[in-house]
Amino acid sequence: MKIESWKINKWVVLLLTLVFILVGNSPLIQDQKKQADLTSQKINYIKENRELLQAAIDSMKEQSAPEYLIKASEDELQAYQQILTGVRMHDEKQLLSGESAVAKIQLEKAEKGNLIGATIPELKRNYEELRFFQSSDIKWIDPFYTAELPASNFLFATFFKLPYPLLLSLGALLIALFCSYEHRKKTNDFLMSTPQSMLKIMSNKSGLLLITLASLLIVGTAGIFAITAVKNGMGNLNYPIFYLNQNEIVHQTTIIQYVTRLLACTLLFFFLLILIGYLLQYFFKQFIPIFLCLEILILPLALGNLPDFLPATVAKFLPTSYWDFPRLLVGTTPFSSAGITLEKGLLILAVLIVIFLISNLFLAKKLAKGRIVS
C-alpha cells in the first residue's frame, strides 16, 4: 500500500547529498591555496626547529647543563638533519626514520622532565605510530601534507574536521520536511484507519526515513571518497589511527572502522531525531517549528568554544555532550575529564530512543481513539 510519506522527494535528498559532498570536499580547494609549495614549507619548518634546538644546545653548554641532556639534544639535531635530507631527496624511509628518532628522543626528554609543551601520553602516541610504520608495509602519510592526502586519509580528516552539526542539520532538515508533509496531508489519519498496529505503522515510517538518511550518508561519503581518489589516489582504508582513550592509553583503529562506526552512530542519532520529529508533528503543522526544535538538540555541538564557558561538571549532565561522535570515537572530546565516553553516549541515546518510541505509540493510540485532536 502506498502512502504519502513514502513518496520521497528525491530531488531534496539529492540536493542535501550534494551539499554534504561539496562541504566535505571543500578542504581540497582551501588546502591547495594555502599550501602551494608543501616541500619548501616542510623544509623551512625543519630548519626553524633545528635553529631553535641548536640555540638551546649552545645555551645548555654555557650553563653547564647535564651531559645526558646535551647528548640527547645533539642526537635530536642529527635526527632533524636526517628528516631534512629525507624531504629533499624524497626518501620516505629516511624521512620516517628521522621522524621516529625525534619522537623517541622527545619522549625520553619529557619522561625525565626536560621537555615542556607536550604531554607524555601524546608524545608516546606519536612515537608508537611512527614506530608502527617503520615495521609495516602500509605507507606512512605525513600529516604535514594535508593538500595531498589520499582519499582514505582525507575521508578521516574530513569527518574529524567537518562541521559535524552541519551534517546532523541536513538530516534534521529532511526529517522535518517529511514530518510536516505527513501532517499536512493527514497521512496519520489514514494510517490509523487501517488494521495495522501502531508499532507496525511507526516501524514502516521510521524505516523508510532511516533508509533515506542512510542513503544520504553512504552516497555522500562515497562521493567525497571518489572525488578525492581521482585527485590524490585511493590510499589505504586499513590505514591505522592511533589515539588516546579516557585513561590516556594508546589505542589503535583503522580508517574504515572509524568511518563505519561514525556513520552507524550518526544513523542511530538520526533515528532519535525521527522519533522526536514524529512526536512534534502532533503539535506543529508547519516545517519551521519542527526543524527549529530538532536544531535545539544539535546547536550545542556547533559551539566550538563550549568548553571555555561550560564547566565539565555541568557538561556531563547534558545529553548533547555525548553526541560529538567524531571525537568520542577517538577519545578527543574536550569533556573527557568529566567521564564523557562513547559508551555512555550510546547508552543515553538508546534510553532516549525507547522513551520517545513509547511516547509516540502512546500519543498515536490516544489520537486514534479521538482523545487528542491533532
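Using only protein heavy atoms and a 1.4 Å probe, report how much of MET89 is accessible, in Å² to the nearest 10.
MET89 has an accessible surface of roughly 130 Å² with all protein chains in place.
Would you pull out the residues with amide H under 5 Å of ILE241's amide H, same chain only if 5 or more places away, H placed 1.01 Å from N?
THR253, THR254, ILE255
Got a sec to turn the phi values of the range 269-280 into Karplus ³J(HN,Hα) couplings, 6.51 cos²θ - 1.76 cosθ + 1.60 with θ = phi - 60°, whole Hz, x for Gly and Pro?
Per-residue couplings from phi come out as 5, 4, 4, 4, 5, 4, 5, 5, x, 5, 6, 5 Hz.
All other residues with a Cβ under 14 Å from the Cβ of THR320 taken together, and with Lys, Arg as +1 and Asp, Glu as -1, what is their net charge? Each step should come with its number before you reach the end.
On the way: positive: LYS316, ARG327, LYS344; negative: GLU295, ASP324.
With Lys, Arg at +1 and Asp, Glu at -1, the neighbours total +1.
Output ³J(HN,Hα) for the range 38-48: one whole-Hz value per residue in order, computed from phi by the Karplus curve 6.51 cos²θ - 1.76 cosθ + 1.60 with θ = phi - 60°, and x for Gly and Pro.
Each residue's phi maps through the Karplus curve to give 5, 5, 5, 5, 5, 4, 5, 5, 5, 4, 4 Hz.
Considering only Cα-Cα distances, which of the following residue pairs are longer than 27 Å: LYS10/LYS365; LYS161/LYS231; LYS10/LYS366; LYS93/LYS161; LYS47/LYS231; LYS42/LYS93?
On the way: LYS10/LYS365 31 Å; LYS161/LYS231 20 Å; LYS10/LYS366 33 Å; LYS93/LYS161 29 Å; LYS47/LYS231 30 Å; LYS42/LYS93 16 Å.
Checking Cα-Cα distances, LYS10/LYS365; LYS10/LYS366; LYS93/LYS161; LYS47/LYS231 exceed 27 Å.
Determine ³J(HN,Hα), in whole Hz, for all residues of the range 100-109 in sequence, where each value follows from phi through the Karplus function 6.51 cos²θ - 1.76 cosθ + 1.60 and θ = phi - 60°; x replaces Gly and Pro.
5, 5, 4, 4, 5, 5, 5, 5, 5, 4
Could you rank HIS90, HIS251 by how accessible they are, 1.4 Å probe, largest area first?
Numbers: HIS90 140, HIS251 75 Å².
Per-residue accessible area, sorted high to low, gives HIS90, HIS251.
Using protein chains only and a probe of 1.4 angstrom, how many square angstrom of ASP91 are accessible, to the nearest 10?
60 Å²
Quick check of the Kirkwood formula: for the range 33-167, what is the inverse mean of 1/r over all pairs of different Cα atoms, in Å? Write out the running numbers ahead of the final one.
On the way: mean 1/r = 0.0603 Å⁻¹.
After inverting the mean inverse Cα-Cα distance, the result is 16.6 Å.
Rank these by accessible area, largest first, 1.4 Å probe: THR17, THR85, THR260.
Greatest to least solvent exposure: THR260, THR85, THR17.
In the full protein assembly as shown, how much of VAL354 is accessible to a 1.4 Å probe, in Å² to the nearest 10?
80 Å²
The values are calculated or read from the model by the stated rules, or taken from the named source; none is laboratory data. As the structure is a prediction and not an experimental result, all values here were calculated from the model. Don't worry about glycine lacking a Cβ; one is built from the backbone with ideal geometry, like all the others, and counts go over all protein chains shown. When the accessible area is computed, the model is the full protein with side chains, heavy atoms only, and any ligands, DNA or RNA have been set aside. Shrake-Rupley method; radii C 1.70, N 1.55, O 1.52, S 1.80 Å.
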